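Since the structure comes first, as structure tokens, the remarks are kept for the end.
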Amino acid sequence: MEPALPPLPADRSVTPTSSLGARLLNVYATPGEVFEEVRQSPPSAANWLVPVLLSCLISVISAVAIFSQETVVRQIQEQAFCWLFGPWAVVRFGWIVLGWGALGA
């Protein structure tokens, strides 16, 4: 015999009383109420898809705003150059530096 699955709560068919925007903002003010409302409502992709899309949009806008500044890009390039060709590059990449004279001889 297969084990019987527990029955779904009867109040699961309750429609949300607040809008998606209200739930997104109320999750900071009254998270317990929002989570209870989401738990009691029927499954909806909007409950997770909208926050994910908003996070992606904010991330892209932030990246564009940060990397459009020339000073930030220059600092990143300088740090990358120092990391690649700094004094510890021999240890980091296992290079054997013999010097130009040793290579030509």
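The values are calculated or read from the model by the stated rules, or taken from the named source; none is laboratory data. What you are looking at is a predicted structure, and each value in this text was computed from that prediction instead of being measured. With ideal geometry, Cβ positions are generated from the backbone for all residues, glycine too; neighbour counts draw on all protein chains shown.
Quick look at the values:
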| item | result |
| --- | --- |
| Residue match in region 92-102 (condition: surrounded by 10 or more Cβ atoms within 10 Å (Cβ to Cβ), modelled with pLDDT of 90 or more and basic (Lys, Arg)) | no |
| Near pairs, Cβ below 6 angstrom, 6+ apart or cross-chain, from region 29-40 (under 15 Å from Ser19 (Cβ atoms) and modelled with pLDDT of 90 or more) to any residue that is among the basic types (Lys, Arg) and surrounded by 14 or more Cβ atoms within 10 Å (Cβ to Cβ) | Val34/Arg23 |
| Selection within region 16-51 - surrounded by 10 or more Cβ atoms within 10 Å (Cβ to Cβ) and of a type in the set (A, V, I, L, M) | Leu20, Ala22, Leu24, Leu25, Val27, Val34, Val38, Ala46, Leu49, Val50 |
| Members of region 17-71 that are touching a helix residue (DSSP H, G or I) at 6+ places or on another chain (Cβ under 6 Å) and of a type outside the set (A, V, I, L, M, F, W, C) | Arg23, Asn26, Gln40, Asn47 |
| Any hit, region 69-80, residues being in a helix (DSSP H, G or I), within 26 Å of Ser19 (Cβ to Cβ) and either at pLDDT below 90 or among the charged types (D, E, K, R) (or both) | no |
